[in-house]
Structure formats: structure tokens, C-alpha cells
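Please read the structure below before turning to the comments.
Readers should treat all values here as calculations from the given coordinates under stated rules, not as data from a laboratory. No experiment lies behind these values; they were computed from the predicted model shown.
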């Protein structure tokens, strides 16, 4: 493949992934276990049931709202999917830099060969 076409393709993929990073949203249910653990640790067991179970079963709307609020307060940089996207961005940026250097060197060498 032509290096300039490859460079264009890498830049396109990079822009798509960067947009994914900017618009990244966490699925609240990814934090459900942590949320339930927090509820259970900060509230007393009632009639043998964990507070998280009681809330989920008796008021599912309040449970979902609290879960969403809880997930919004989590550090997005701790999310593995987010970390993977950021790593992909770094890898692509390195590949683009390397390819740009190869193209520059190729053009420089071509100019030197043409002048001889």
C-alpha cells in the first residue's frame, strides 16, 4: 500500500477513535457491584436483607437513579474500555509519526537521487 494512503487511513482511524474518547459514556450497570457494596456497607441490614436488595426490589426507579448518579461520580479514567481507547490513540499517534518520518526520508532520498 502506498505510504501516503496508509497515512490517510491511520489519520482517519485516529479521528474516529478520538471522537469515541470524547463522547465516551459509562454504562451505569458496569458499576452495579460497587454501588451495591457501597449501599450495603453504609446502611444496616433490615430483616435479613441487604439494603441494596431492598432498594432494588421495592423501589427500582430510585435504585436506577442512584446507580446512575453513582456511576457519574466515578473516575472515567479507571474504566478499562476508556483506558483501551486511550491506548489505541497513543499507538496510532506513534504509528503516524513513524510513517510521516518514513515518507519524509523517502522524499528526501528521492530528491537527492534526482539531483545526482
Study note, to complete from the structure: So for the chain, using the alpha carbon gyration tensor with a ≥ b ≥ c as root eigenvalues (a/c under 1.5 gives rounded; past that, a/b versus b/c decides prolate or oblate), I'd call it prolate
Check your understanding: Nearest 10 degrees, 0 to 90: what angle lies between the long axis of helix 60-72 and the longest principal axis of the chain (Cα atoms)?
Key -> 40 degrees
Revision key, fill the gap. For segment 27-73, Rg(Cα) over 2.2 N^0.38 Å is 1.07
Review point. Any idea what angle helix 80-115 forms with the longest principal axis of the chain, computed on alpha-carbon atoms, 0 to 90 degrees, nearest 10?
Key: 0 degrees
Review point. If you build a Gaussian network model of the chain, linking Cα atoms that sit under 10 Å apart, which residue out of 20, 90, 60 swings the most?
Key: 60
